[in-house]
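The structure under discussion appears below in the form of structure tokens.
The values are calculated or read from the model by the stated rules, or taken from the named source; none is laboratory data. For clarity, every value in this text was computed on a predicted model and none was experimentally measured. Positions of Cβ are backbone-derived with ideal geometry, glycine not excepted, and every protein chain shown enters the neighbour counts. Side chains included, ligands, DNA and RNA excluded: accessible areas come from the protein's heavy atoms. Shrake-Rupley method; radii C 1.70, N 1.55, O 1.52, S 1.80 Å.
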Amino acid sequence: MSKQAISFYESVNLNFDKAAQLVDLPKGLLEQIKVCNAVYQMKFPVKVGNQIKVIEAYRVQHSHHRLPTKGGIRYSTHVNQDEVMALAALMTYKCAIVDVPFGGAKGGVKINPMKFNERQLESVTRRYTTELIRKNFIGPGIDVPAPDYGTGPREMAWILDTYLTFKNGELDFAGCVTGKPIGQNGIRGRVEATGRGVYYGLREVLNHESDMREIGLTRGMAGKTMVIQGLGNVGSNAGLISQNEGDAKIIAVSEYEGAVYSEKGINVEKLIKFRNQTGSVIGFPGTKTLPSREAALELECDILVPAALESVIHKENAHRIKAKIIGEAANGPITFEAEQILLDKGVLIIPDMYINAGGVTVSYFEWLKNLSHMRFGRIEKRFNENTYQSLVGVIEKLTGKTIGEKEKRLVTRGADEIDLVRSGLEETMVEAYNQIRLIGKRRKRIKDLRTAAFVSALDKVGSDYLNLGVFP
Ligand code: NAD
């Protein structure tokens, strides 16, 4: 199909070039920022049933300007070197945008995880980790993987255990991977983090009344219609939280097996349960089935959230997209060619490297927790509660009035780990959006948010390089 005319990595680099013309950095430095610093392609054998299968896998470290490098591991049959390089590059820019002090990286294993049983997946994951250890491509100060498409806390636990087997006694071993189960040095709030970040980001975008007026929308998320593609980790959490906390109306959900629609809105929580029980979104009560899974992308809606894979909006279908806002929860869902078509139509595109940065932000918190060897909130929670209780006592004494038990509990509560993680994530997403938005408003030649986000990233990575004095 002609949508493959430009590869994912080329698409990322074309966007880079567009922004590079607008920043004041030496040409050679821009070239250094753009290229992948280290690409490791590996092939290893794994026994699957009676057969020995040769598995193709990658780890790409895009930028060493800050260490460790950081990025998820993807399990998918679509994995190839171009894709992993593109995803690693996006990680560098993403980390810079949300002020997470890492270089970008990404990993990929070319398998269909649905066709492997749990034991086989464990063998693949442990062998992949061993290959990374052999080449010094993993470690708390070197390169720190995390979950991505097709992987989750279970795989991260296997990575941790394999790492520990080889590096027994290393004090900070738990920081070698993030997205781990909570009982195994993980952090509360990591599973929901990318989806929650998408919600905080969209909410902030929608809160700017003048920007919304320009695209014919009112301020705020409540009542806005939303279409979601992909009900995996990112899509399901983005949908659930936008519905429960933002009062968005989810009118359609597209999954691998097809797409469902309801004008009245779909209860995402119930849909997820239904899919877990039946294996499909099709037949969910109160919905009608769309002709194809791709048809959902072309529905009239306020917000479209592609949360599956890259290049799903391409030059063939871009003309038919009717959404006013697209929040790129997935990495690279819009090709370079499609972007121009959408911008000409006046669609507001919230770029992946900003809107899905919640995952790496909370991974950063997890890494910090692992290095500090202590849960966030442990030291100050009781102290704060005692102080607030004393304050309430003083207020009651001075006013002669008694504060109700429920209100008292609310105002005297000290923060738990999950409260602090969500608060840090919210602050990060709000702050980063306003930085990007201001760059877009102040620099006249910048016409879209992706270019503004790139400019923000290039300014930060460029100044890191210059401050490091790495060019003798
Ligand atoms: P996931 O594997 O948990 O879920 C992806 C879902 O998309 C699956 O349920 C799959 O069946 C569905 N899907 C695949 N092809 C589809 C299609 N053509 N139409 C509709 N549905 C389809 O993966 P995830 O972790 O949610 O990642 C999704 C995207 O978000 C990826 O682009 C990933 O790189 C990006 N992302 C993930 C994270 C993270 O923390 N997991 C962070 C940042 C970005």
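A 1.4 Å probe over all protein chains sorts Cys36, Cys301 by accessible area into Cys36, Cys301, starting with the largest.
The local environment of Arg445, defined by Cβ-Cβ distances under 13 Å, has a net charge of +4 under the rule Lys, Arg +1 and Asp, Glu -1.
Computed with every protein chain present, the accessible area of Tyr388 is close to 80 Å² [probe 1.4 Å]. In this structure the amide hydrogen of Ile73, modeled in the peptide plane, comes within under 5 Å of the amide hydrogens of Gly107, Ala146, Asp148, none closer than 5 places in sequence on its chain. Between Asn317 and Ser280, the FRET efficiency from the beta-carbon distance, with R0 = 22 Å, is close to 0.40. With K and R counted +1 and D and E -1, the other residues having a Cβ less than 12 Å from that of Leu290 yield a net charge of -2. Among the protein heavy atoms of the range 260-384, carbon and sulfur supply 51% of the accessible surface, probe 1.4 Å, non-protein parts ignored. Fully extending the segment from Asn244 to Gln21, taken as 0.36 nm per residue of separation minus the present Cα-Cα distance, adds 76.1 nm.
Here's the list of lysines a cross-link from Lys34 could span, going by alpha-carbon distance under 17 Å and ignoring same-chain residues fewer than 8 apart: Lys18, Lys70, Lys94, Lys106, Lys460. Can you tally the net charge around Met221? Count Lys and Arg as +1, Asp and Glu as -1, for every other residue whose Cβ sits under 15 Å from the Cβ of Met221. Result for the local shell: -1.
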